[in-house]
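Single-structure report; data block below.
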Amino acid sequence: MAIDVVVNQRHLQIQLKQLETVWHTVINGYNLSQAATVLHTSQSSLSKHIAALENQLKTEVFVRQGKRLTGLTTMGTALMPHIESIFAEIRTIENLSLDFNNPNIGTLTIATTHTQARYVLPQVVKEFKERFPKVNLILQQADPETIAQMVIRGQADIGIATESLLHNNYLRCYRYYDWTHRVIVPSDHELANQESIDLPTLASYPIVTYHGGFTGRGAIDKTFEEAGLEPDIVLAALDADVISTYVGLGLGIGIIAEMAFEPSHYQNLTAIPVDHFGRFTSWMAVRDDAEIRQYGRAFMELCQKQFS
């Protein structure tokens, strides 16, 4: 009887590993090498798990082109919601156990952009560490698309960004705050005393702003294009500090996110509100299939309280 129990437990562990392999292969874009890295194992090991599962099911789970996996078969598509539910429950049980035994101890990984980490989160992080001194808080900085993938793959607990988070079925999103852009110029610039600046005027000056894909740059480009204007982008950077520095040196006028302008750090610059490029929303995102630790929820509550 005891031997039967051990055998059944071993069989269950193997099946869970096979299902986990399928799940991570899908969310990593059918890239076995990438899935193996996330699972800290080898690509050949994952291939064996997939083959074993398909042998048990007596049908293929993945569509193949040669040795490459390119998608899910009809069976694989039918299987995925059940796999998601299984691992959602497992993660929820694990977090419940951790919260019950060590509610204030653990690691919280936040994936976010430089703008959020540098200009928006410092006060939240300060308050969080005062409340949870034994939680190891990790800030991972990346572009919005990478942030979304980090949360999906379990490499981050919470993602914070403006772009990309909403357009993913694996994520559950919460509104953080709304923002617009500002034009920044040297304090002695001819535009410094303007209360607003129209698009043609903006386009007539050299511009220093964000690199493509960051902090609303896509909306800036689209707005100028729709107005039939071709701005002279003389420098593109990832960081508002870099933009501000070069604006201060007279390289051009700057377009940055409103929360990134720090008058005390750049007393030689003036910020002018502009609404041409629209309003944006920064979001917080977690995996849609399981709850995060209690202190993770507390971090999100501190974020939302910040702008309430």
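The values are calculated or read from the model by the stated rules, or taken from the named source; none is laboratory data. Quick caveat, the model's predicted, so the values are computed rather than measured. All Cβ positions, even for glycine, are placed from backbone atoms using ideal geometry, and neighbour counts span all protein chains on display. Remember, those area values only see protein heavy atoms, side chains included, never the ligands or the DNA or RNA. Shrake-Rupley method; radii C 1.70, N 1.55, O 1.52, S 1.80 Å.
Within a Cβ distance under 12 Å of Ile105, other residues only, what is the Lys/Arg minus Asp/Glu net charge?
Residues near Ile105 contribute +1 overall.
When the scattering of the chain is computed by the Debye formula from its Cα atoms alone, each counted once and equally, what is log10 I(q)/I(0) at q = 0.09, 0.10 Å⁻¹? Cα-only, vacuum Debye calculation for the chain: -0.60, -0.71.
Rounded to the nearest whole Hz, the Karplus-based 3J(HN,Hα) values (6.51 cos²θ - 1.76 cosθ + 1.60, θ = phi - 60°) of segment 224-231 follow the sequence 5, 4, 5, 8, x, 10, 10, x, with x at glycine and proline. Using just its DSSP H runs of length 4 or more, each adding -39500 (n - 2.57), the chain gives a mean residue ellipticity at 222 nm of -14000 deg cm²/dmol after division by all residues. Each distinct pair of alpha carbons in segment 241-308 adds a 1/r term; the inverse of their mean, the Kirkwood radius, is 15.3 Å.
Can you compute the charge dipole magnitude of the chain about its Cα centre, using +1 on each Lys and Arg Cβ and -1 on each Asp and Glu Cβ, nothing else charged? Give it in debye, rounded to the nearest 20. Intermediate values should be presented prior to the final figure.
Numbers: 24 positive and 33 negative charges, 305 e Å.
So the magnitude is around 1460 debye.
Using Cβ point charges alone (K and R +1, D and E -1), the dipole size of segment 16-81 about the Cα centre works out to roughly 160 debye. On the beta carbon distance between Arg64 and Glu190, with R0 = 45 Å, the FRET formula returns roughly 0.10. Summarising the label geometry, the points placed 7 Å from Cα in the beta-carbon direction at Gln141 and Arg172 lie 3.0 nm from one another.
If each of His40 and Phe100 carries a label point 7 Å out from its Cα toward its Cβ, how far apart are those two points in nm? The answer from the label model is 2.4 nm. Residue-wise HN-Hα couplings along segment 173-181, as the Karplus relation 6.51 cos²θ - 1.76 cosθ + 1.60 with θ = phi - 60° gives them from phi, are 10, 10, 5, 9, 7, 9, 7, 10, 9 Hz; Gly and Pro carry x.
Could you tally the net charge around Pro273, taking each other residue with its Cβ under 15 Å from the Cβ of Pro273, Lys/Arg +1 and Asp/Glu -1?
Net local charge, Pro273 excluded: -3.
Computed over the alpha-carbon atoms, segment 1-142 gives an Rg to Rh ratio of 1.09, Rh here being the Kirkwood radius from the mean inverse distance.
Rolling a 1.4 Å sphere over the protein heavy atoms, what is the accessible area per residue of segment 178-279, to the nearest Å²?
The answer is 48 Å² per residue.
Restricting attention to the chain, lysine pairs at least eight places apart or on different chains and with alpha-carbon atoms under 25 angstrom apart total 10.
Shape class of segment 72-156 from the alpha-carbon gyration tensor: oblate, with a/c at 1.5 or above and b/c at least as large as a/b.
Quick one: net charge of Arg175's neighbours, Cβ under 14 Å, K/R +1, D/E -1?
Net of charged neighbours comes to +1.
Listed peptides 33-39, 84-90 appear in the order 33-39, 84-90 once ranked by packing, highest mean of other Cβ atoms within 10 Å at the front.
Amide H contacts for Thr270 (H built 1.01 Å from N in the peptide plane; partners 5 or more residues away or on another chain; cut-off under 5 Å): Val185, Ser187.
Less than 20 Å from a label point 7 Å out along the Cα-to-Cβ axis of Thr74: which backbone N atoms in segment 45-65 qualify, by residue? Residues 54-65 fall inside that zone. Each Lys and Arg Cβ is given +1 and each Asp and Glu Cβ -1; about its Cα centre, segment 178-279 then shows a dipole of about 160 debye.
In segment 178-279, the portion of solvent-accessible area held by carbon and sulfur atoms comes to 47 percent [1.4 Å probe, whole percent, DNA, RNA and ligands not counted].
Surface analysis of segment 64-122 yields an accessible area of 55 Å² per residue, using protein heavy atoms and a 1.4 Å probe. Once the cut-off is 17 Å, how many percent of the Cα-Cα pairs in segment 178-279 end up in the long-distance tail? Distances greater than 17 Å cover 44 percent of the Cα pairs.
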